[in-house]
Amino acid sequence: MSTHRRMRHRATLFTGIATTAVSILALTACGSGSSGSGSDAADGDVTIEFAQWWEPELPDGEFRALIDTFEEENPGITVDLVSGPYASTKEQLFAGAASGTMPDVVGLDGAWVSDFAEQGVIADLTPLLEEAGFDDSQLVSQVKVDDSTYMVPVVNFVYPMFTNDELLAEAGVDAPPETRSEFADAAKSISDLDGDAAGWVLPLSLEAPNGVQNDVMSWAWASGGTMLDDGQPDLTNDDVTSAVEFIGGMWDDDVIAPGSFTMKEQDKVEEFTNGRVGMMIDSLAHINLIRESNPDLAFSISAVPAADDYTGERGIPYASWGIGISENSENKDAAAKLVSFLMSEETNSELSTMANAFPGNTESVPAFVEDDDLFKDAFDIYQAGYPANEFVGLPVAEELMRQLGAQLQSAFDGQQSLSEALEKAQTEWEGEF
Amino acid sequence: MSLRTLTPPDPETLVTGALPRKRRRLRRAGESYGFLAPTLILLFVLMIVPIVMVIGYSFQDNVILRSSSEFTGTANYVTVLTDPAFWKATGNTVFFSTVSVAVHLVLGLTFALLLNSPLISVTSRAVFRALYALPWLFTAAVIAVLWRMVLSPNGIVNFLLNTDVEWLADPQLALGTVTFINIWAGYPFFMVSLLAGLQGIPQDLHEAASIDGASQVQRFWNVTIPQLRPIIISLLLLDLIWTSQQFALIWLTTGGGPIDVTEMLSTYTYKLAFANYDFSLAATAAVLILLMSLVLAVLYVRHQKARD
């Protein structure tokens, strides 16, 4: 073999080995991403990780600024924000729960709490907040599993009733309905108008089944009802039955916008924004979206109507940005200080103002309430009632909604009665519990 | 004085200065494996390991989310195979896949024959080819959003037909509608492949058949189809494998509903994993789908081998 050929041979061999080595290195690098909770530095300072999906949803830099304030007030504690979209945060937390590498402080959705608590990966907050000197009587609500608090809602996005003023006026309805009968009459009057507007909109998509929570169960909660009995499913009780039969009545009257079975929340908002439905139950977070999309639309906010004879406090469905502490955290005291800071009257007011949401501290008042009539109305409703979302803290909450949604679809399609639908959903739910 | 036994030098080494043949062969094999190593490692890490892990999960309970999982034998398989929802999803998948694939073939072949007609100029052929191939260029998410809007109760289809049909939300229509959307999205693949096949059929065969007195229809069945058969079989098997695993389109249009009329094996498995967080049962369903796909894959590979 000539020297030239030998060198070429060596060069190709070297290239092959180098490529292999690079591949192995790349794969190793992929598998060895840094994980785990915060650490103690040599000088006694601690760094805690806070994973949440809130930062990307807030105006640029505002959440970091709030955390900077915390760091100034608590020298020695550094907060490393791990921010990502909701879905990524969820995946990251579930993976972290399995591998024992959950960040110290975690943003939580109520639907995850039961699973995390059962796995023992999130800590009971009551003793931790007590040690941090925080009075938990200021909290609007606490999410408990087996009598231990695992999540505190930091801010709440409530779901009141939106009404299209123009359509209501055309239909001869002077004021937003306050009772179920008034609502059914108003929906019928709107549907009877010339044009293609429907009275109400009911998204029952099985891909995103939260319509069952916000648009179906809200009717039961608004009348002080419940779908649980001592923490167990109770779908066949009078509260749920009367709410579902009320919706079934409207379905039979054909006052619900078409396409319900595959409709999602964003479709619902679009139907309302374009003036194709007169009334909807929706998140307050969409007020600005509706205003931007259709500046000419005049609409009002009111409480979800209650049963005709109901006079008590009304439950208002809500979604939360919740917070919890990892059981594996080595710096639970620092983590509890961060939670106390975020739940304090002043910070919580600021955060709820940034998020256009309602505070998790009873004494906090968001600034937008002073400037905006619709938000003021909503805040009045919020304060007059109580946040109600019984899906929070339940196991596989989304699947429960999907199961009930599928049974209701089957009943509305005429394949079974509503009571049969509730009985079947009850059996399915009992299996999940 | 002791005698040292000397090994005689390899004559080839002496003459050419090259390494002995055995060493050379070993070295060459080493080089070959060196070059193959990156691919083999990637295949091992990205294919073999996950597949083995999923198969392993299907025989355990409480996997991934709990640290204490136990071997449960075939219990997960019994649970999945006795679940009516699994069989409903299997039935829907079979309907969705076979109808989609059959219509893909008919439509793809029809358009390919039209485009291959000598009556169409080269420029028109290029324009029509691009036009007909358009659906193939969209991703599933775009197709889903597009058709959701087009077929919504207030959409353009109902406007043009002056109807208020709930194409995707009506339990009687939903499966047919998603199948139609999938047909629309997938026929260009058949069309482009079959057009290439048609253009490769020697003209002599058609001329010979014409001289023998064969009609257009006879030439189609006795010349065109036999010449296209290898391509058609490959396309049918590949499309069956792909369509039976369609997830994004179903999930984004109906989510498996209304009720369960568009539930496919893919959405059924997804819900087990990411709505129920039951990764053991999801792994079991995935292994069952793998076995079904494997039958098709084996048929495909055998067909390819036969062709070679």
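The values are calculated or read from the model by the stated rules, or taken from the named source; none is laboratory data. Remember, it's a predicted structure, so these values are computed and weren't measured experimentally. Counting neighbours? That spans all protein chains shown, and the Cβs are built from the backbone with ideal geometry, glycine included. Side chains are part of the model used for accessible areas, which takes the heavy atoms of the whole protein and leaves out ligands, DNA and RNA. Shrake-Rupley method; radii C 1.70, N 1.55, O 1.52, S 1.80 Å.
What do you reckon, is residue A:136 open to solvent by 40 Å² or more (accessible area, probe 1.4 Å) and over 26 Å from the mean Cα position of the chain (by Cα)? When the stated conditions are applied, residue A:136 does not pass them.
Quick grid of which residues meet (1) open to solvent by less than 20 Å² (accessible area, probe 1.4 Å); (2) within 14 Å of chain B (Cβ to nearest Cβ); (3) modelled with pLDDT of 95 or more:
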{"residue": "A:230", "(1), (2), (3)": "no, no, no"}
{"residue": "A:248", "(1), (2), (3)": "yes, no, yes"}
{"residue": "A:265", "(1), (2), (3)": "no, yes, no"}
{"residue": "A:276", "(1), (2), (3)": "no, yes, no"}
{"residue": "A:283", "(1), (2), (3)": "yes, no, no"}
{"residue": "A:288", "(1), (2), (3)": "no, no, no"}
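In the stretch B:35-58, how many are open to solvent by 60 Å² or more (accessible area, probe 1.4 Å) and farther than 30 Å from residue B:70 by Cβ? Total meeting the criteria: 6.
Considering only the stretch A:291-316, how many residues are of a type in the set (D, E, K, R) and touching a helix residue (DSSP H, G or I) at 6+ places or on another chain (Cβ under 8 Å)? Final tally of qualifying residues: 3. Inspection of the stretch A:79-94 finds a residue satisfying the criterion of being in the same structural domain as residue A:337 (by TED's automatic domain parsing), β-branched (Val, Ile, Thr) and touching a residue at least 40 places away in the same chain (Cβ under 8 Å).
Okay, residues lined up against (1) within 14 Å of chain A (Cβ to nearest Cβ); (2) part of a loop (DSSP other than H, G, I, E, B):
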{"site": "B:130", "(1), (2)": "no, no"}
{"site": "B:136", "(1), (2)": "no, no"}
{"site": "B:142", "(1), (2)": "no, no"}
{"site": "B:153", "(1), (2)": "yes, yes"}
{"site": "B:159", "(1), (2)": "yes, no"}
{"site": "B:187", "(1), (2)": "no, no"}
{"site": "B:192", "(1), (2)": "no, no"}
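Conditions (1) closer than 24 Å to residue A:206 by Cα; (2) of a type in the set (Val, Ile, Thr); (3) assigned to a helix (DSSP H, G or I), marked per residue:
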residue: A:251; (1), (2), (3): yes, no, yes
residue: A:258; (1), (2), (3): yes, no, no
residue: A:266; (1), (2), (3): yes, no, yes
residue: A:287; (1), (2), (3): no, yes, yes
residue: A:297; (1), (2), (3): no, no, no
residue: A:301; (1), (2), (3): no, yes, no
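On the given criteria, is residue B:32 among the small types (Gly, Ala, Ser), open to solvent by 50 Å² or more (accessible area, probe 1.4 Å), outside any strand (DSSP E or B) and under 20 Å from residue B:273 (Cβ atoms)? For residue B:32, the condition - among the small types (Gly, Ala, Ser), open to solvent by 50 Å² or more (accessible area, probe 1.4 Å), outside any strand (DSSP E or B) and under 20 Å from residue B:273 (Cβ atoms) - is not met. Looking across the stretch B:256-308, the residues that are within 11 Å of chain A (Cβ to nearest Cβ), among the β-branched types (Val, Ile, Thr) and either surrounded by 23 or more Cβ atoms within 10 Å (Cβ to Cβ) or outside any loop (DSSP other than H, G, I, E, B) (or both) come down to B:262, B:267. Looking at the stretch A:83-175, the helices (runs of 4 or more DSSP H) lying wholly inside it that each contain 1 or more residues that are touching a strand residue (DSSP E or B) at 6+ places or on another chain (Cβ under 9 Å) and over 30 Å from residue A:385 (Cβ atoms) sit at A:86-99, A:110-119.
Residue A:108 meets the stated requirement of being open to solvent by less than 10 Å² (accessible area, probe 1.4 Å) and either within 26 Å of residue A:345 (Cβ to Cβ) or in contact with a Ser or Thr (Cβ under 6 Å, 6 or more places away or on another chain) (or both).
If I ask for residues that are open to solvent by 30 Å² or more (accessible area, probe 1.4 Å) and away from chain B (no Cβ under 14 Å), which ones from the stretch A:392-409 would you list?
First, pick out the residues of the stretch A:392-409 that are open to solvent by 30 Å² or more (accessible area, probe 1.4 Å): A:392, A:398.
Result: A:392, single match.
Go through the stretch B:52-80 and count every residue that is within 14 Å of another protein chain (Cβ to nearest Cβ) and in contact (Cβ under 8 Å) with a residue 40 or more places away in the chain. So the count comes out to 8. In the stretch A:202-224, the residue that is nearest to residue B:169 (Cα to Cα) out of those that are open to solvent by less than 10 Å² (accessible area, probe 1.4 Å), away from chain B (no Cβ under 14 Å) and small (Gly, Ala, Ser) is A:218.
For the stretch A:57-81, which positions are surrounded by 14 or more Cβ atoms within 10 Å (Cβ to Cβ) and not in a helix (DSSP H, G or I)? Of everything in the stretch A:57-81, those that are surrounded by 14 or more Cβ atoms within 10 Å (Cβ to Cβ) and not in a helix (DSSP H, G or I) turn out to be A:58, A:74, A:77, A:78, A:79, A:80, A:81.
Taken over the stretch A:356-391, residues that are open to solvent by 60 Å² or more (accessible area, probe 1.4 Å), closer than 30 Å to residue A:233 by Cα and in a helix (DSSP H, G or I) amount to 2. Residue pairs whose Cβ atoms lie under 6 Å apart, separated by 6 or more positions or on different chains, with the first residue in the stretch B:159-178 and closer than 17 Å to residue B:148 by Cβ and of a type in the set (Gly, Ala, Ser) and the second part of a loop (DSSP other than H, G, I, E, B) and open to solvent by less than 60 Å² (accessible area, probe 1.4 Å), are B:169/A:259; B:169/B:258; B:174/B:168; B:174/B:254; B:174/B:258; B:174/B:261; B:174/B:262.
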